[in-house]
Amino acid sequence: MADRGGAVTSRPARLTPISLRAVLPRPGVSGPPHGELGRRIGVLHLGVGAFHRAHQAVFTEDAAAATGAEGWGICGVTQRSPRVADQLLPQGCYYGLLERGRSTTGLRVVGQLGEVLHPARDGERLAARFADAAVRVISLTVTEKGYRRDRRGRLDLADDAVRADLAGVAPATTTVGLLVRGLQRRAAVADAPVTVLTCDNLTGNGRVLRGLVADFCGALPGAEGERLGAWIDQNVTFPNSMVDRIVPATTEEDRSEAAALLGLRDDALVVAEPFRQWVIEGRFAAERPAWELAGAQLVGDVEPFEQLKLRMLNGTHSMLAYLGALAGHRTIAEAIADPALAEAAAQLLTQDVAPTLSPPPGVDVGAYARSVLERFANPALAHRTTQIAMDGSQKLPLRLLGTVQDALDAGRTPRWAIRGVAGWMAYVALRRDRNGAPLPLDDPLAAELEAAAAPAVDRGAPAVVRGLLGLEAIFPPELAASGAFVDCLTDELATLLAATPGAPGPLRPSLPR
């Protein structure tokens, strides 16, 4: 290929174990802290996407390095498609982590992944990993929608994929089905205890997953389900956890910068902010990595940390995503640089969210709120508003509606949190920003959302509010019936829908009157 001056340039060689050894050490790049023995599998992870590779894999590698312990390598499982496996396997499962701060960028090569499997093509190898007594932790990052819950929060037994996994006529494809069938294999072959550690943004995530596993076992034929359920009760724990790190989608510009630093092309590169946090309930069925030596917090009760993060960081993130996308902002950093949106985010944190929290001991809620806004303002992170806007039907109850309900119960009208909900409704109803550019609706309930909102747009905000509040999978009936909530929501949505119903119009949010 040629550069702009016509000179011939060559594409960097691909990152592989051999090419990596040839370029390291290298200024500005840190390499894996241990050799191949450190990659012997001890953790099985479902959902080996960018977040896991930028978060839990790094904590695990640092913990292993701190103790010199071997046998905590990670077998990653990519469920939806083999794409991640196809990126990592040619690289010997090594990949780079580009850490972007406000003024500095560093590259770290992570080597904790020892294997990556795709169930559709590696079914027997995956079953063997579930049954391997050396695997003492099974962890998950599959996003909220990956758990396939119904409107009551139970396993959706009407879901065709769940029903197929219960029938057992083919390899399991759902997260809960894959996990339970794997535990079933473990009970039969290894009979060894194991910890199942979910790291997804669900309130009481370990408790939730334990309930879904029980739902699956309860739907199996009587004796089979009872035996498996009893074994799980005796041999498996499901601790709660909270994770935090901003991990935007990797861009070609990121890959080019990493290639300049490393001298190699990395098709599995991930990008993250410098900040990271992991809070874990100290309840394990077997050995675990010494994650606390890598900065994780082992606690007795995760819930206060979880509520703080879900409502403050994630709730504000979602508000900025919807209002920012509607206003034409491409990234969260651009959105928070908008004075009107920065004011809305700050008011949400201090006026609406903070009064609903019972913070963990020693945590300054005001300082935490300020740190959230500072992290969002990092211009080096190109975290797309439309990426955060994905799966709103799953995120909204956890991130904003809990704040709304608690405030209403206390006799307050949380206008700023309701503005975030109105932003989601406007995003769903209009599907375009103030400049007329299309906005993607990537949501497991996309068909239901369109059916409820699209016909109502021409009739204005009250009709859109009625249509979307009718979706009980998102809005609890008692909240949907709250007059204070409905009135404020309709007012906020009317501002966003603009003077002409159904047209983009002046979508820039205004401050409350």
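Quick look at the values:
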read-out: Hull volume in cubic angstrom per residue (convex hull over the Cα atoms of segment 303-497); value: 108 Å³
read-out: Nonlocal amide H pairs with residue 299, under 5 Å, H built at 1.01 Å; value: 280, 281, 282
read-out: Rh (Kirkwood; distinct C-alpha pairs) - the chain, Å; value: 24.1 Å
read-out: Cα Rg, Dmax (largest Cα-Cα span) when computed across segment 254-294, Å; value: 16.5, 44
read-out: Segment 25-156 - share of DSSP beta bridges that are antiparallel (%, nearest 5); value: 35 percent
read-out: For segment 17-299, radius of gyration divided by Kirkwood radius, i.e. Rg to Rh on alpha-carbons; value: 0.97
read-out: For the chain, size of Cβ-based charge dipole, Lys and Arg +1, Asp and Glu -1, in debye; value: 760 debye
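None of the figures in this text is laboratory data; all of them are computed from the coordinates on show. Just so you know, these numbers come straight off a predicted model, no measurement behind them. A quick note on method: Cβ atoms are made from the backbone with ideal geometry, for glycine too, and the neighbour counts reach across all protein chains shown.
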